[in-house]
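The values are calculated or read from the model by the stated rules, or taken from the named source; none is laboratory data. What you are looking at is a predicted structure, and each value in this text was computed from that prediction instead of being measured. Note that each Cβ is placed from the backbone with ideal geometry, even for glycine, and that neighbours are counted across all protein chains shown. Keep in mind that these areas ignore ligands, DNA and RNA; they rest on the heavy atoms of the full protein, side chains included. Shrake-Rupley method; radii C 1.70, N 1.55, O 1.52, S 1.80 Å.
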Amino acid sequence: MHTLVKQTWAGLRVLLVMTVLLGILYPLAVWAVARIPGLESNAEGSVVTRNGQAVGSSLIGVDPVPADPAHDPWFHTRPSAVTPGMPSGASNKGPYNEDLVNAIRERRDVVARREGVSPGQVPPDAVTASGSGLDPAISVAYAELQAARVARNTGVPLDRVKQLIEQNTSGAGIGVPGVTVLPLNLAVQAAAGGAH
């Protein structure tokens, strides 16, 4: 009986020490490190603000939904495999899955109609969902495909829209240059005089 009591107290002491270390001290240390200048933006979700208002995150791509589909002034991100409003996630469907092939075909037709081009001109990232469905960047080809529509709907000259695409192009793509959509849309909005 004495051994059982001794082992119980030893177990309780370990539980207490681990609770303090891993349940209190470790989370406080992580929180404190996240407050180091330069890291704080990433720790808080990399929120992008405009005129003191949060307008999005530089790390999360959310496809803008135009109020009037006939007047769509925004660059679009890659499609998501999940229902809007749901957490991120992939479809987990292989390249030969009939549902995935049909979804890609439908997305290609929608993008082609929206941009006024043939389906063969639609780049792959415009129709294939990313692993998370929240990529903040698109390919330069997809941004350039959208440039004419954005210029037409915002009144910003096409040459200026193309300059803004170039200014927002970085190594954000996977192994290739990518265009970060949120800053690009904000730059277009500013160039259009804040309208739209």
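Remarks
- Test result for residue 190, assigned to a helix (DSSP H, G or I), free of Cβ contacts under 8 Å to residues at least 60 places away in the same chain, on the phi < 0 side of the Ramachandran plot and surrounded by 14 or more Cβ atoms within 10 Å (Cβ to Cβ): no
- Test: residue in the stretch 114-124 that is in contact with a strand residue (DSSP E or B) (Cβ under 8 Å, 6 or more places away or on another chain) and buried (at least 20 other Cβ atoms within 10 Å of the Cβ): no
- Selection status of residue 63, surrounded by 15 or more Cβ atoms within 10 Å (Cβ to Cβ) and at pLDDT below 85: yes
- Tallying residues that are part of a helix (DSSP H, G or I) and open to solvent by 30 Å² or more (accessible area, probe 1.4 Å) within the stretch 146-169 yields 9.
- Pairs meeting the criteria (first residue in the stretch 104-122 and at negative phi and among the hydrophobic types (A, V, I, L, M, F, W, C), second residue assigned to a helix (DSSP H, G or I) and surrounded by fewer than 18 Cβ atoms within 10 Å (Cβ to Cβ), beta carbons under 6 Å, at least 6 apart or on different chains) are 112/119.
- Restricting attention to the stretch 31-45, the residues that are surrounded by 10 or more Cβ atoms within 10 Å (Cβ to Cβ) and either in contact with a Phe, Trp or Tyr (Cβ under 7 Å, 6 or more places away or on another chain) or modelled with pLDDT of 75 or more (or both) add up to 4.
- Qualifying residue in the stretch 134-142 (condition: more than 28 Å from residue 46 (Cβ to Cβ) and either acidic (Asp, Glu) or in contact with a Gly (Cβ under 9 Å, 6 or more places away or on another chain) (or both)): no
- Selection status of residue 49, assigned to a helix (DSSP H, G or I), modelled with pLDDT under 90 and surrounded by fewer than 10 Cβ atoms within 10 Å (Cβ to Cβ): no
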